[in-house]
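Colleague: Quick one: structure below, then a few questions.
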Amino acid sequence: MPEHRPTDTEAHKPLEKAVEEWVQKKSKPGGGGNYAREADRVLTAFIDWTPDSVKTVRDISRRTMMQYAEYLHRRADARVADQDDEAGITGRTAQQYYALVRAFFTYCVKWGYREENPAEHKPAMEELPDASLGADSTRQQFWSPQERTAFIRYVDERAHDAISEQGSNAVKEARDRALVYLFAYSGARSAELLRDPNDSRRTGVTWADIDIEAGVIRVLGKSQTAGEEVQLPNQARPALERYRKILDPPAEEWPVFPTHHAPSLYKCARMELDDCVDNLEAKLKTDGPDTVLRQYKVPPPSITTEAVRNIFRRLCKAGKIPVEGEHEYLKPHGARRGAGEALYRAEGSAAAQRALRHEDPSTTSKMYSHIEASEQAEVASDAFEKIDESGTSKGDIS
């Protein structure tokens, strides 16, 4: 049988279309729902990572895959440098991501979209990190009750003073307080609440996504499930309600935490309004980009996952918040772990799993294994104490 050669149409298969096609095939009965969702997430991030010049499946070269492997290695290095950096991944995760991309290109070869798999290029695979890189969990941060209380007390006082002096102009102080409360009590991930530059689908929650009365935030979950519900406990609601009154969003589609970065606001205004607003530059010069965006109800970008880390770092330094261990400041992901730990201790593993939305119960159990070990030690101590007392008692009788 003659070797199949890609037709002109096959050879110019759009990368996004091919990914969509592959994910759909994996989503068929028996194809594995979890695998398909993870493949969709990883391949979408891969497309976002590729240069703008990449349009088709054949535009991905061996060099591209070497660069992608290097990129994954850098993310693993970031995890080593900071266990709580959400952009960081373990070496094992890097290898899993690469394996999904490689499987996709195997499919492309099978269907004639290209003649060889660029991800199987040995020099590219050699750039991947070792699976053990970044796997040390002993440096992960958990907000303790004392840390959480100190942080909340500081942002409460700071926001109260600013609102007393500035009224509705105390937007940043009210925002910062709402951020701290939301992270402290919701158990949400940064990339679920804020814009993630590494994932085009994660643009940040809007006010339409929040039901304060019901105590629910609807987010794009880690598994790429849209509308996944995150808890909004009573403790976090007043700070969010007060912030909303001060922010006064002109539309429900307004981001909960819009950026105040002037260049980003100008860029947004020009991209969205340049073709439909006369004398836009004059309006921007006179009124400023925030006012113009509000006037035309054009939502600005949300702050990013990196921005919230910078905000928390600045707040902890200014408030002289005592931080346990070797950590420089209270990090957003440490808040998630701390919230889960509080629930784990008070209500048990099932409550923590539901709040953190872990698909696998073993993930929750592993995260809080230090609690189980501590409690088991107490149980064992009591048991051996009773056994020893019994043995001593019997020895005395004899």
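The values are calculated or read from the model by the stated rules, or taken from the named source; none is laboratory data. Computed from a predicted structure; not experimentally measured. All Cβ positions, glycine included, derive from the backbone under ideal geometry; neighbour counts span all protein chains shown.
Colleague: Output the qualifying pairs, or none if there are none: Cβ atoms under 8 angstrom, residues six or more apart or on different chains, first residue in the range 148-176 and closer than 15 Å to ALA236 by Cα and free of Cβ contacts under 8 Å to residues at least 12 places away in the same chain, second residue surrounded by 19 or more Cβ atoms within 10 Å (Cβ to Cβ) and of a type in the set (A, V, I, L, M, F, W, C).
Modeller: none
Colleague: So which pairs qualify, if the first residue must be in the range 180-200 and in the same structural domain as GLY319 (by TED's automatic domain parsing), the second must be modelled with pLDDT under 90 and β-branched (Val, Ile, Thr), the Cβ gap must be under 8 Å, and the two must be at least 6 apart or on different chains?
Modeller: Listed pairs, sorted by first residue: SER186/VAL230; GLY187/VAL230; ALA188/VAL219; ALA188/VAL230; GLU192/VAL219; GLU192/VAL230; LEU193/VAL219.
Colleague: If you don't mind, another one. Got at least one residue in the range 78-85 being among the β-branched types (Val, Ile, Thr), part of a helix (DSSP H, G or I), within 30 Å of THR304 (Cβ to Cβ) and in contact with an Asp or Glu (Cβ under 7 Å, 6 or more places away or on another chain)?
Modeller: Residues of the range 78-85 that are among the β-branched types (Val, Ile, Thr), as a first pass: 80.
Next, from what is left, pick out any that are part of a helix (DSSP H, G or I): 80.
After this cut, where a residue has to be within 30 Å of THR304 (Cβ to Cβ) as well, the list is 80.
After this cut, where a residue has to be in contact with an Asp or Glu (Cβ under 7 Å, 6 or more places away or on another chain) as well, the list is none.
No, the conditions are met nowhere in the range 78-85.
Colleague: Looking only at residues that are touching a helix residue (DSSP H, G or I) at 6+ places or on another chain (Cβ under 7 Å) and either in the same structural domain as VAL277 (by TED's automatic domain parsing) or hydroxyl-bearing (Ser, Thr, Tyr) (or both) in the range 302-342, which one is farthest from GLU253 (Cα to Cα)?
Modeller: Among those that are touching a helix residue (DSSP H, G or I) at 6+ places or on another chain (Cβ under 7 Å) and either in the same structural domain as VAL277 (by TED's automatic domain parsing) or hydroxyl-bearing (Ser, Thr, Tyr) (or both), it is TYR329.
Colleague: Could you tell me whether the range 118-138 includes any residue that is over 26 Å from ASP199 (Cα atoms), assigned to a loop (DSSP other than H, G, I, E, B) and at pLDDT below 85?
Modeller: Among the residues of the range 118-138, at least one is over 26 Å from ASP199 (Cα atoms), assigned to a loop (DSSP other than H, G, I, E, B) and at pLDDT below 85, which makes the answer yes.
Colleague: Are any of the residues in the range 138-157 surrounded by 19 or more Cβ atoms within 10 Å (Cβ to Cβ), of a type in the set (Gly, Ala, Ser) and touching a helix residue (DSSP H, G or I) at 6+ places or on another chain (Cβ under 8 Å)?
Modeller: no
Colleague: Right, another one. Taking the stated definitions as given, is PRO250 surrounded by 15 or more Cβ atoms within 10 Å (Cβ to Cβ), touching a residue at least 40 places away in the same chain (Cβ under 8 Å) and not in a helix (DSSP H, G or I)?
Modeller: no
Here is a yes/no grid of residues against (1) free of Cβ contacts under 8 Å to residues at least 60 places away in the same chain; (2) buried (at least 19 other Cβ atoms within 10 Å of the Cβ):
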| site | (1), (2) |
| --- | --- |
| TYR243 | no, yes |
| ALA262 | yes, no |
| ALA269 | yes, yes |
| ALA282 | yes, no |
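Colleague: Could I ask something else about it? Exactly one of (1) modelled with pLDDT under 95; (2) out of contact with any helix residue (DSSP H, G or I) (no Cβ under 9 Å at 6 or more places or on another chain) is unmet by ALA208. Its number?
Modeller: Every listed condition holds for ALA208 apart from (1).
Colleague: Name the residues in the range 276-298 that are among the acidic types (Asp, Glu) and farther than 24 Å from THR206 by Cβ, would you? Step through it out loud before you land on a result.
Modeller: Taking the range 276-298 and keeping what is among the acidic types (Asp, Glu), we get 278, 281, 287, 290.
Within the range 276-298, ASP278, GLU281 meet the criteria.
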